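Values in this text are rule-based calculations from the coordinates and carry no lab data. Small disclaimer: the values here were computed from a predicted structure and weren't measured. Ideal geometry is used to build each Cβ from the backbone, glycine not excepted, and the neighbour counts take in all protein chains shown.
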Amino acid sequence: MPSLKGRDYIETQDLSREELDLLLDTTTELKEKFHRGEPTLLLPNQTGFLLFFDKSTRTRNAFEAGMTQLGGHAHFLDADVTQISHGETPADTGRILASMGHGICIRHDLVLGEGNRYMREMSEATDVPIINMQCDVDHPTQTLADLQTIREKFGNNLSGLKIAVSWAYAPSYAKPLSVPQGLITLMTRFGMQVSLAHPPGYNLIERTVEDARANAATSGGSFEIVDDMDTAFQDADIVYPKSWGVYDLMVARQAATTREEIDENQRACLAMNDKYKDWICDERRMGLAKDSAVYMHCLPADRGAEVTDAVIDGPQSIVFPEAENRLHTAKAIMSCTMRERPF
Ligand code: CP
């Protein structure tokens, strides 16, 4: 039987299928207990640090509420008001936090090339689990919740199900690449047929694309990249359209250090997005997918841009059960990494 005690959770690629199944089964157990009102005090007196370099609604609250429900305490840290902003290294920050608590959860997602490296550097220096609450490469607490939601809808055997992971227009900000990257790498592990659609220039980190291809070959699933949303949606069981940033501009963001340079990079991304306003998930496009298809989004969604209200508020949308599963999966990840198998 697998154990994740003491392990990091940085990318789903780092875990075996059996370890992912352990997290999913633990999620189901914790969710049922939550709904029955049964206490699950699996981490009494433990402290989990939540270190944020970016904003959050779902992830922060899933981890804070989750840790409370597990009997421990989640300590929120805004990186901007710690000594990290004066240059303290991930190793030194990690050593300090590890000496005072039992796990370190980090969101560091906005700059390609930074967040994942930060987490792995901290992991080298610490002996407590490092949990990725979203980096530049993966958003593995989100995609585990997505997988849980899909299993609840379609059953545990996902072989042959088609998921369309599509870029969609957004005017709000250049969103990280980590959700589509996390989806293509995780869903291909489970034998699904993954169709990735994006306009030119919105490619993902090549290593994640290679992982998706290799995963599909191993699992008996499939992976394709297409250049229009309609093709991806055709006969899909699940559609997951969301925006992300222009790859080269996201890479260039690493070199932008002043406020003006960061703002200019953001403006350039949004100007490119404006060319593709027709990449919206609307009722016509939903009609291309199977009648039984579901609409998913990690949220927040740009309503009227990524998706119409009719779709996100319509009968095929499962975005709110999907968001609730952030709580149950966060609890499963914390309890499985911070103690021996809980159930
Ligand atoms: N989906 C997601 O990660 O939401 P937040 O950014 O609100 O945490």
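Summing -39500 (n - 2.57) over the DSSP H runs of n ≥ 4 in the chain and dividing by its residue number, what mean residue ellipticity at 222 nm do you reach, to the nearest 500 deg cm²/dmol?
Per the formula, -13000 deg cm²/dmol.
Any idea which of Phe34, Ile280, Cys269 is furthest toward the positive side of the dipole for the chain, if Lys and Arg beta-carbons carry +1 and Asp and Glu beta-carbons -1?
Phe34
Could you list which residues have their amide H under 5 Å from that of Leu161, counting only those 5 or more apart in sequence or on another chain, with H placed in the peptide plane?
Gln193
Suppose every Lys and Arg Cβ carries +1 and every Asp and Glu Cβ carries -1, with no other charges. What dipole size does the range 140-322 come out with about its Cα centre, to the nearest 20 debye?
The calculated dipole for the range 140-322 is roughly 360 debye.
Roughly how many nanometres apart are two label points built 7 Å out from the Cα toward the Cβ at Ala252 and Phe343?
4.9 nm
Could you size up the charge dipole of the chain around its Cα centre, putting +1 on the beta carbon of Lys and Arg and -1 on that of Asp and Glu, and report it in debye to the nearest 20?
700 debye
Can you list the HN-Hα couplings for the range 237-242, worked out from phi with the Karplus curve (6.51, -1.76, 1.60; θ = phi - 60°), rounded to whole Hz and with x for Gly and Pro?
Each residue of the range 237-242 in turn: 8, 9, 10, 9, x, 7 Hz.
Return the sequence-ordered ³J(HN,Hα) values of the range 152-162 in whole Hz as given by the Karplus equation 6.51 cos²θ - 1.76 cosθ + 1.60 applied to θ = phi - 60°, using x for Gly and Pro.
5, 7, 10, x, 7, 8, 9, 4, x, 5, 9
Name the most mobile residue of Asp80, Asp146, Asp109, meaning the one with the largest mean-square fluctuation, in a Gaussian network model of the chain with Cα contacts below 10 Å.
Asp80
Within 10 Å of each residue's Cβ, count the other Cβ atoms and sort Phe343, Phe190 from fewest upward.
Starting with the residue having the fewest Cβ neighbours, the order is Phe343, Phe190.
Sort the chain into rounded, prolate or oblate with this rule: let a ≥ b ≥ c be the square roots of the eigenvalues of the Cα gyration tensor; rounded if a/c is under 1.5, and if a/c is not under 1.5, prolate when a/b is larger than b/c, oblate otherwise.
In terms of gyration-tensor shape, oblate.
Order of Glu283, Glu224 from fewest to most other C-beta atoms within 10 Å?
Result, fewest neighbours first: Glu283, Glu224.
Can you list the lysines whose alpha carbon sits under 26 Å from that of Lys5, skipping same-chain ones fewer than 8 residues off?
Lys31, Lys33, Lys331
When a footprinting reagent is the concern and you count Cβ atoms within 10 Å, what order do Arg60, Arg189, Arg285 take, fewest first?
Lowest to highest Cβ neighbour count: Arg60, Arg189, Arg285.
Restricting to lysines 8 or more places apart or on different chains, can you count the pairs in the range 140-322 with Cα atoms under 18 Å from each other?
9
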